[in-house]
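What follows is a set of notes on a single structure, which appears directly below.
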Amino acid sequence: MSFRTKKSLGQHFLTDNTIIFKIIDAITAGKGDRIIEIGPGTGALTKWLLSGCDDVHAIEIDQRAVEVLKEKFDDLRVHQNDILKVNWKEVIDPDKKNIVVGNLPYYITSPILFDLLEHRRLFTEATLMMQKEVAERLVADPSSKQYGILSVQTQLFCTPELLFDVPAHSFSPPPKVTSSVIKLTFDKEPLSVSDEKIKEVVRTAFNQRRKKLSNSLKPVLGDYQPDGFNFDDRADHWSPETYAKLAEHLEQSDNLS
């Protein structure tokens, strides 16, 4: 059946088999693992996921695409839902490795990423396609132009690896930007500080990234400047580990007061 993509859903369906096979090769899933595909559309990638794995679930918001998927694949479990409203604990299998795969809509890429990072303990890895500009931010080094909130939180919560770029002509309809595929491996040991405190410190710092941290962090520090940190630096100069160290220090101080 013919399928007209919806601009309102940010639909750009992957049609390039070379790219599809590169994505499949990047996924380290066994036959019995659970793969959860975000936004499968009409199933160009899904077909190959099912050929290598017995337990594939798909999360798709578009009713028309859901009907196509159900018609095409008897062995696919389809969840019609908004990806930002999914209860991940209802989709994963706690007794298996749970692997996320997806071509993320550009307009909600960051919220999806933050949601996956928040629920990282449920997954072993995620192989995701997104706008190249966002992918570069995930792996950016301190002091670079791309380095920011997304870089710090991603690198603290998982190991990101930028795999390869995807040209616009690999999609129908072609987007106006280049995409990239990135792999997030959720292999980091639990931090000694809550996610909430890390987010508070990092977002406060980068809210005024051109100022010295002694000024930008005032909402969380007040006049207190603990030893061992250079508060004359700007936000993009600190490593993710330095942010985690400060957040841990502040959270311990909060608990003592």
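The values are calculated or read from the model by the stated rules, or taken from the named source; none is laboratory data. Computed from a predicted model, the values in this text were never measured in an experiment. As a convention, Cβ positions derive from the backbone with ideal geometry for all residues, glycine included, and neighbour counts pool all protein chains shown.
Tabulated data for the structure shown
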| read-out | value |
| --- | --- |
| Failed condition for Glu136, given (1) more than 24 Å from Pro190 (Cβ to Cβ); (2) in contact with a strand residue (DSSP E or B) (Cβ under 6 Å, 6 or more places away or on another chain) | (2) |
| Ser253, sole failed condition from (1) over 30 Å from Ile27 (Cα atoms); (2) surrounded by 13 or more Cβ atoms within 10 Å (Cβ to Cβ) | (2) |
| Matching residues, the stretch 38-94, being small (Gly, Ala, Ser), part of a loop (DSSP other than H, G, I, E, B), out of contact with any Gly (no Cβ under 7 Å at 6 or more places or on another chain) and crowded, with 20+ Cβ neighbours inside 10 Å | Gly41, Gly43 |
| Only one of Pro160, Pro142, Pro174 that is modelled with pLDDT of 95 or more, closer than 25 Å to Ile59 by Cβ and outside the structural domain of Arg234 (by TED's automatic domain parsing) | Pro160 |
| Within the stretch 13-37, tally of residues that are surrounded by fewer than 19 Cβ atoms within 10 Å (Cβ to Cβ) and in a loop (DSSP other than H, G, I, E, B) | 6 |
| Number of the condition not met by Ser194 [criteria: (1) among the hydroxyl-bearing types (Ser, Thr, Tyr); (2) surrounded by fewer than 19 Cβ atoms within 10 Å (Cβ to Cβ); (3) in contact with a Lys or Arg (Cβ under 9 Å, 6 or more places away or on another chain)] | (3) |
| The stretch 22-57, residues that are in contact with a Pro (Cβ under 7 Å, 6 or more places away or on another chain) and farther than 15 Å from Ala126 by Cβ | Thr46 |
| Cross-chain or 6+ apart pairs with Cβ under 8 Å, the stretch 61-77 first and in contact (Cβ under 8 Å) with a residue 24 or more places away in the chain, then loosely packed, with under 15 Cβ neighbours inside 10 Å and aliphatic (A, V, I, L, M) | Val68/Met1 |
| One residue from Arg210, Arg234 being within 28 Å of the chain's Cα centre (by Cα) and surrounded by fewer than 14 Cβ atoms within 10 Å (Cβ to Cβ) | Arg210 |
| Residue satisfying condition, being over 16 Å from the mean Cα position of the chain (by Cα), under 21 Å from Ser179 (Cβ atoms) and at pLDDT below 95, within set Glu67, Glu60 | Glu60 |
| Elements of type helices (runs of 4 or more DSSP H) contained in the stretch 152-257, each with 1 or more residues being within 27 Å of His119 (Cα to Cα) | 195-207, 218-221, 240-256 |
| Residue that is modelled with the highest pLDDT [pool: residues in the stretch 76-127 that are aromatic (Phe, Trp, Tyr) and closer than 15 Å to Leu184 by Cα] | Phe123 |
| Looking only at the stretch 126-146, and only at residues there that are of a type in the set (Asp, Glu) and surrounded by fewer than 16 Cβ atoms within 10 Å (Cβ to Cβ), the one that is nearest to Lys183 (Cα to Cα) | Glu133 |
